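One structure below.
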Amino acid sequence: MRTGRRLIGAIRLPTPLILCVLVVTGVAAAEPPLAIDGALQKAGWTLFSDSRWAPARFRLRPDGAIEARSDNSTSLIWKKVDKGDAQKAHLAWEWRVDEMMPPTDITVKGGDDRPLALHVWFMKPRAQLNFLERLRADFIELWVGLPVHGRLLTYVWGGRGKAGDALPNPHVGDGSWMIVLRGGDARTGVWLAESRDLVADYRAAFGEDPPDRGIIALAADSEDTQTRSLAALRHLRFQP
């Protein structure tokens with residue numbers, strides 16, 4: 001996936017200082033029509049897209065699943081984690097892919113398309129941030145509208161990697177880690193269940209206990225290969 005000045009896909013969330021440089025001028029001023037439906041917005045989800053690219057489309061289906069459709073496009077939807085879920089150790093969900101783009105190398109900038117990526121931001125309480133961290137966080141939220149700081153875990157369906165691969169994010173470095181759960185050759189057209197120990201994954205990635213989970217996001221991305229994908233996610237929940 002091409003980077004430039006944006007924050008989508010892998011996800012494109014570098015260390016806070018780099019993020020400020022990358023995302024400010026690439027963020028869409030307004031959500032394109034139909035990129036996110038009203039039902040998802042009522043449920044607390046917000047679209048984040050890049051004005052240089054058509055956004056992927058997200059809708060809440062009648063069966064309760066979130067559908068992500070990408071057609072030479074890229075974007076994500078995000079929501080804040082409820083206080084009651086912020087410290088829970090596990091995250092579970094079901095997802096499926098019905099249309100897959102050609103597998104890409106998700107460790108390479110400008111070539112990391114995938115039908116679905118699920119992101120979890122781990123953020124310190126604001127009172128624990130130092131002056132520079134608070135300044136960066138305020139700048140990002142003011143210009144981008146995405147209130148994030150801290151570190152990121154990304155769970156990926158797609159790419160050339162094998163299930164279980166833990167990969168550094170090429171756009172972020174030590175601020176993020178990608179875990180491949182389903183590779184590009186995974187079975188399509190069926191629901192597959194996932195359950196992750198967020199505490200264990202965070203410790204393995206960063207060598208310390210995690211702060212609270214702050215934001216969760218779902219991304220779809222196909223603009224590098226200029227192809228299409230169709231996927232869905234349901235029963236997303238935090239568990240003790």
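Observations
- Single residue of HIS149, HIS235 found to be in contact with a strand residue (DSSP E or B) (Cβ under 9 Å, 6 or more places away or on another chain) and open to solvent by 60 Å² or more (accessible area, probe 1.4 Å): HIS235
- Hits in region 77-99 (condition: surrounded by 24 or more Cβ atoms within 10 Å (Cβ to Cβ) and out of contact with any Leu (no Cβ under 6 Å at 6 or more places or on another chain)): VAL97
- Complete set of residues in region 152-182 that are of a type outside the set (A, V, I, L, M) and surrounded by fewer than 19 Cβ atoms within 10 Å (Cβ to Cβ): ARG160, LYS162, GLY164, ASP165, PRO168, GLY173, ASP174
- Spans of strands (runs of 3 or more DSSP E) in region 38-99 with at least 1 residues among the acidic types (Asp, Glu) and under 18 Å from ARG196 (Cβ atoms): 90-99
- Scanning region 217-229 for residues that are of a type outside the set (S, T, N, Q) and surrounded by fewer than 20 Cβ atoms within 10 Å (Cβ to Cβ) yields a count of 1.
- Qualifying residue in region 71-81 (condition: touching a residue at least 40 places away in the same chain (Cβ under 8 Å), among the β-branched types (Val, Ile, Thr) and over 20 Å from SER229 (Cα atoms)): yes
- Given (1) surrounded by fewer than 23 Cβ atoms within 10 Å (Cβ to Cβ); (2) assigned to a strand (DSSP E or B); (3) small (Gly, Ala, Ser), index of the condition ALA117 fails: (1)
- Candidates in region 44-70 are the residues that are touching a residue at least 60 places away in the same chain (Cβ under 8 Å) and open to solvent by 60 Å² or more (accessible area, probe 1.4 Å); of these, the one that is farthest from the chain's Cα centre (by Cα) is ASP63.
The values are calculated or read from the model by the stated rules, or taken from the named source; none is laboratory data. A quick note: this is a predicted structure, and the numbers were derived from the prediction, not measured. A quick note on method: Cβ atoms are made from the backbone with ideal geometry, for glycine too, and the neighbour counts reach across all protein chains shown. In case anyone asks, the SASA skips ligands and DNA or RNA and just uses the protein heavy atoms, side chains included. Shrake-Rupley method; radii C 1.70, N 1.55, O 1.52, S 1.80 Å.
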